[in-house]
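Encoded as structure tokens, the structure appears first; notes follow it.
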Amino acid sequence: MAKTGHPALDPAQDAYAPAREAMVRRQIEARGIRNPDVLRALRSTPREEFMLSEDRFLSYEDQATPIGYGATISQPYILALMTELLEPSKTDRVLEIGTGSGYQAAILSQLAAKVYTIEIVPELADLARDTLLRLGYTNVTVRQGDGFAGWPEEAPFDRIILTAAPVEVPETLLAQLSNGGRLVAPVGPILDQQLVVVSKNAAGRLDTESACGVAFVAMRPEPK
Ligand code: SAH
């Protein structure tokens, strides 16, 4: 069977279906996420495939879970909130900083035209690339590198999402955002991070809003 965009979950083999559905209802819909495309993507993405095998039983718990190398797969609700705030559309080119497991990239791949994702830890970049390919998310490109530099060869991007927290939104990334674009990022020092949404208007003017407090892995290394 040819796989495009994302794989079909086979109901006969999908042991996690009840847990996944309960997660979407209790953690996501019950907390006010309404974007139907975001909900559909969460319902059709096997989060268990992005977990360490020994932690699969935690796949649909209401928490972030370590995936090795100091990284975590984000709490499903926070991922859903950030994805909704990003307002991706089917024609968008999206840049993600902090590939981690690749789960956020898999969700974005169903909501955008093309996803570019950068991971600083080589082992995580390799593993995420393998997982995404194996599951058939063909419109995602994973690259090992430092997210502070962004991806100049592919810029500008309609949407940029950071899933590791810088102390301030990097100027390089703002420069790689299209006019009319949006950037969503956890920003600030450990224990004092805010989820911010930066929008760039048609004239290139930036407007920043804070959505809520969050706790993310710090982006490293901070530029000198
Ligand atoms: N989006 C991920 C969660 C990632 S956790 C998921 O869905 O699973 C944050 C990730 O950012 C970690 O994997 C960490 O290694 C990575 N990271 C930290 N600093 C980075 C940087 N400067 N550039 C790119 N990735 C970085």
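The values are calculated or read from the model by the stated rules, or taken from the named source; none is laboratory data. What you are looking at is a predicted structure, and each value in this text was computed from that prediction instead of being measured. Every residue, glycine among them, receives a Cβ derived from its backbone with ideal geometry; neighbour counts consider all protein chains shown.
For Asp62, the stated conditions hold: it is out of contact with any Gly (no Cβ under 7 Å at 6 or more places or on another chain), free of Cβ contacts under 8 Å to residues at least 40 places away in the same chain, more than 9 Å from the ligand (Cβ to nearest atom) and not in a helix (DSSP H, G or I).
Here Met219 meets the list (1) surrounded by 14 or more Cβ atoms within 10 Å (Cβ to Cβ); (2) free of Cβ contacts under 8 Å to residues at least 60 places away in the same chain; (3) closer than 30 Å to Arg31 by Cβ almost entirely, failing just condition (2).
Residues that are on the phi > 0 side of the Ramachandran plot and at pLDDT 95 or above: does the range 13-20 have at least one? The answer is no, given that none of the residues of the range 13-20 is on the phi > 0 side of the Ramachandran plot and at pLDDT 95 or above.
Considering the range 38-59, the residues that are of a type in the set (Asp, Glu) and surrounded by 14 or more Cβ atoms within 10 Å (Cβ to Cβ) include one that is nearest to Val140 (Cα to Cα), namely Glu49.
Looking at the range 131-150, which of the residues that are assigned to a helix (DSSP H, G or I) and out of contact with any strand residue (DSSP E or B) (no Cβ under 9 Å at 6 or more places or on another chain) is nearest to the ligand (Cβ to nearest atom)? Of everything passing the filter in the range 131-150, Thr131 is nearest to the ligand (Cβ to nearest atom).
Taken together, Thr91, Thr45, Thr83 contain a single residue that is outside any loop (DSSP other than H, G, I, E, B) and either within 11 Å of the ligand (Cβ to nearest atom) or at pLDDT 95 or above (or both), which is Thr83. You will find that of Ala22, Ala12, the residue that is free of Cβ contacts under 8 Å to residues at least 12 places away in the same chain and part of a helix (DSSP H, G or I) is Ala12 and no other.
Taken over the range 6-24, the residue count meeting the criterion of being surrounded by 11 or more Cβ atoms within 10 Å (Cβ to Cβ) and either touching a Ser or Thr at 6+ places or on another chain (Cβ under 9 Å) or of a type outside the set (Gly, Ala, Ser) (or both) is 10.
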